[in-house]
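No value in this document is a laboratory result; all are computed from the given coordinates. From a predicted model like this one, the values you see are computed outputs, not experimental measurements. Glycine also receives a Cβ, built like all others from the backbone with ideal geometry; neighbour counts cover every protein chain displayed.
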Amino acid sequence: MNYMQFFSSNFKLGILGGGQLGKMLLYDCKRYDIFTKIMDPNKNAPSSKLADEFTIGDLTNYEDVINFCNDVDVITVEIENVNTDALEFLENNGKKVFPSPSTLRTIQNKSKQKDFYKENNLPTSDYKNYTCLEDIIHDFNNDNIKLPAVWKSAKFGYDGKGVKIIRSFNDIKSLPNMDCLIEDKVDIKKEISVIVARNQDGSEVCFPAVEMEFNSDSNLVEYIMCPANISKKIEEKAYEIAKKTARNFNSIGLLAVELFLTNKGEILINEVAPRPHNSGHHTIECCLTSQFDQHIRSILNLPLGNTDIKIPGIMVNLVGENKIEGDVIYKNINQVMSIPGVSTHLYGKKKSRLNRKMGHITIVNSEIEKAIKIGKEIKELVKVTA
Ligand SMILES: Nc1ncnc2c1ncn2[C@@H]1O[C@H](COP(=O)(O)OP(=O)(O)OP(=O)(O)O)[C@@H](O)[C@H]1O
Ligand SMILES: [Mg+2]
């Protein structure tokens, strides 16, 4: 295989979605001199100025996706919510699409995703799928739902928005009437993520397991700590489950596997994402190969990079704190930039609003405890507002 065909050539990589994940993928495409095309509905999307070609289009529209992908050689995504019928048509006509349209279809629907784990004997919490509220109420009245439980909308959930903890019949009555699932509330000790990269040659490499800490109000990731503070045995088990999941999906590219470590020491799969992931941003500074570099390597069937930790670190998400949308201000950012080991990433979104992901900061230190301490101070210091 002549690896050079992708670099400084006529090769075109198409990326569906132009958010911050697309922007960070583009930095590495530029480094390799790979020609890129991006489509996003928003003309000011974070990736709009960095792509070689930027198209405004609806990612869920069949014609828009077909037209955009016509002249590209390999297609990838930075968001799951894309038109899979169009991608399937393109794949059947010889285009390389990674992740595969069938994987995307399974992942787009949390009910189908849970069924996939069950069919493949992958560990996940017990659940039941529903198509209407009436059936949930019926099951509850017949003692078939144990509370507390977790309700998830089957489609269009992201950043914790389609997730509700239900503790009472009142919570059940106020649920929306839509396709959904109800799963056992897991007794979580830690939330862990393992990102696995696979290429067509069947090579597979995991990124070091990280620990994720969530904000209990917004359900958004607040901190990512690398490495995770878990035993070697748990860590190995997490890699084994993540790799098996990626193999069962026949995954090409990255697959981020979100896991729950329970208080009993079990590891359960929460959900997966077939693309670069928020739990891998620290890899830019902390690992020999970043998740973005690795995604490009895997979808182009290039040799996968070594993911060893160069230096431990913590990643802090910068999210909007203002309720009313307005021009973004990063308060105290200069002070933060004077701290050694701090890298600031701003996505280029001009407007801040409540819980919008605006950027992230990675803090590295040869001692993880020191990085964590600085990370938590920075979280208090920086204010993203309008
Ligand atoms: N069964 C469960 N038991 C306990 N907590 C849960 C359960 N499912 C989800 N959660 C909590 O809710 C968070 C968000 O759930 P999930 O990852 O399914 O939603 P999401 O909307 O896809 O979120 P994101 O886009 O941030 O990954 C989890 O990280 C976890 O903290
Ligand atoms: Mg999640």
> Of all DSSP beta bridges located in the chain, what percent are antiparallel, nearest 5?
Replying inline: 80 percent
>> Show me, for the stretch 349-363, the HN-Hα J-couplings you get by feeding each phi into the Karplus relation (A = 6.51, B = -1.76, C = 1.60, θ = phi - 60°), rounded to Hz, glycine and proline as x.
In response: 7, 6, 10, 9, 8, 3, 6, 6, 6, 9, x, 8, 10, 10, 10
>> Tell me whether the stretch 3-97 comes out rounded, prolate or oblate; compute the Cα gyration tensor, take square roots of the eigenvalues as a ≥ b ≥ c, and use a/c under 1.5 as the rounded threshold.
In response: oblate
>> How large is the direction-averaged shadow of the alpha-carbon convex hull of the chain, in nm²?
In response: 19.4 nm²
> Sorted from fewest to most neighbouring beta carbons within 10 Å, what does the list Lys233, Lys357, Lys110 look like?
Replying inline: Lys233, Lys357, Lys110
> Which ordering of Phe7, Phe207 is given by a fewest-first count of other beta-carbon atoms within 10 Å?
Replying inline: Phe7, Phe207
>> Roughly how far apart, in whole Å, are the Cα centres of the stretch 304-360 and the stretch 88-147?
In response: 33 Å
>> From Cα pairs below 8 angstrom and at least 6 apart in sequence, can you work out the relative contact order of the chain, rounded to a whole percent?
In response: 12 percent
>> Give me the dipole magnitude in Debye, nearest 20, for the chain about the Cα centre, with unit charges on the beta carbon: positive for Lys and Arg, negative for Asp and Glu.
In response: 680 debye
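Using helices alone, what [θ] at 222 nm do you get for the chain, with -39,500 (n - 2.57) per DSSP H run of 4 or more residues, divided over all residues and rounded to the nearest 500?
Details: 12 runs with 111 residues, N = 386.
The helix-only estimate for the chain comes to -8000 deg cm²/dmol at 222 nm.
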> How high is the FRET efficiency between Asn144 and Asn250 when r is their beta carbon distance and R₀ equals 35 Å, given to the nearest 0.05?
Replying inline: 0.50
